[in-house]
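Student: Take this structure first; my questions come after.
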Amino acid sequence: MRKPAASVALAASAAPVVAESATARGRRARLALRTVQVLLALFYAIASALPKLIADPSAVESFDRIGWGSAGMYTIGAIELAGAVALLIPVLQSVAAMALSALMVGAFIVQLTVFDGQYAATPLILIVPLALIAWARRRQNARLWGLVRPRA
């Protein structure tokens with residue numbers, strides 16, 4: 001029994017559309033993830049690290065209240081700036097996201113204990129996209145470091 005030519009043509013054209021759709025979806029997902037990385041890098045570099053590194057009065061006051069002084073302020077600022085830059089370097093993306101997440105856990109604890117939880121939600125909110133980046137980039141980084149072989 002022979003299939004009509006129209007159904008064969010339809011079946012043949014459906015397969016590439018599905019594959020093309022999956023590829024396009026993957027491309028959009030990678031672009032969205034990259035956009036989140038760039039936005040987080042800008043946030044950490046400009047909004048978080050810069051005030052610490054230029055000794056903005058509010059940052060100085062906060063670190064004095066914590067008891068870490070200017071040394072702690074400059075150290076945290078440098079770590080945040082390094083994390084921001086590392087979020088943009090392919091081989092370091094996952095590690096940077098994990099390191100910044102750990103820093104945000106510390107920030108959350110400080111917010112709760114020293115500042116009575118005033119801005120405790122901010123570090124928790126930042127952990128979510130950082131965890132997404134760390135998870136999404138884990139295989140890419142493992143391949144770059146030679147820990148796993150590329151898929152065939």
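Student: For region 124-144, which residues satisfy the criterion of being assigned to a helix (DSSP H, G or I), at pLDDT 70 or above and charged (D, E, K, R)?
Tutor: In the first step, residues of region 124-144 are kept if they are assigned to a helix (DSSP H, G or I); the result is 124-136, 138-144.
So of that shortlist, the ones also at pLDDT 70 or above come out as 124-136, 138-140.
R138, R139 - these are the residues of region 124-144 that are assigned to a helix (DSSP H, G or I), at pLDDT 70 or above and charged (D, E, K, R).
Student: Pairs only if they're at least six apart or on different chains, beta carbon under 6 angstrom, first in region 14-29 and closer than 20 Å to L132 by Cα, second assigned to a helix (DSSP H, G or I) and at pLDDT 50 or above; list them, first residue then second.
Tutor: Here the result reads none, with nothing in region 14-29 linked to a residue that is assigned to a helix (DSSP H, G or I) and at pLDDT 50 or above.
Student: Test A97 against the criterion of being among the small types (G, A, S), open to solvent by less than 60 Å² (accessible area, probe 1.4 Å) and in contact (Cβ under 8 Å) with a residue 40 or more places away in the chain, and give yes or no.
Tutor: Details: among the small types (G, A, S): yes; open to solvent by less than 60 Å² (accessible area, probe 1.4 Å): yes; in contact (Cβ under 8 Å) with a residue 40 or more places away in the chain: yes.
Here the answer is yes, as A97 does meet what is asked.
Student: Before we move on, is L147 under 26 Å from R27 (Cβ atoms), modelled with pLDDT under 95 and not in a helix (DSSP H, G or I)?
Tutor: Details: under 26 Å from R27 (Cβ atoms): yes; modelled with pLDDT under 95: yes; not in a helix (DSSP H, G or I): yes.
In short, yes.
Student: Given the options F108, F115, name the one that is farther than 17 Å from F43 by Cβ and either touching a helix residue (DSSP H, G or I) at 6+ places or on another chain (Cβ under 7 Å) or surrounded by fewer than 18 Cβ atoms within 10 Å (Cβ to Cβ) (or both). Outline the logic, then answer.
Tutor: Details: F108 fails: farther than 17 Å from F43 by Cβ.
After ruling out the rest, the residue left standing is F115.
Student: While we're here: Quick one: which residue in A49, A71, A32, A78 is of a type in the set (G, A, S) and surrounded by 14 or more Cβ atoms within 10 Å (Cβ to Cβ)?
Tutor: Details: A71 fails: surrounded by 14 or more Cβ atoms within 10 Å (Cβ to Cβ); A32 fails: surrounded by 14 or more Cβ atoms within 10 Å (Cβ to Cβ); A78 fails: surrounded by 14 or more Cβ atoms within 10 Å (Cβ to Cβ).
Result: A49 is the single residue among A49, A71, A32, A78 that is of a type in the set (G, A, S) and surrounded by 14 or more Cβ atoms within 10 Å (Cβ to Cβ).
Student: If you don't mind, another one. State whether the residues of region 64-79 include one that is of a type in the set (K, R) and more than 26 Å from I133 (Cα to Cα).
Tutor: So in region 64-79, the residues of a type in the set (K, R) come out as 65.
Then drop every residue that is not more than 26 Å from I133 (Cα to Cα), which leaves 65.
The answer is yes; a qualifying residue exists.
The values are calculated or read from the model by the stated rules, or taken from the named source; none is laboratory data. As the structure is a computational prediction, the values presented were derived from the model and not from experiment. Because the Cβ atoms are built from the backbone with ideal geometry, glycine has one as well, and the counts that use them run over all protein chains shown. For accessibility, only protein heavy atoms count, side chains too; no ligands or nucleic acids. Shrake-Rupley method; radii C 1.70, N 1.55, O 1.52, S 1.80 Å.
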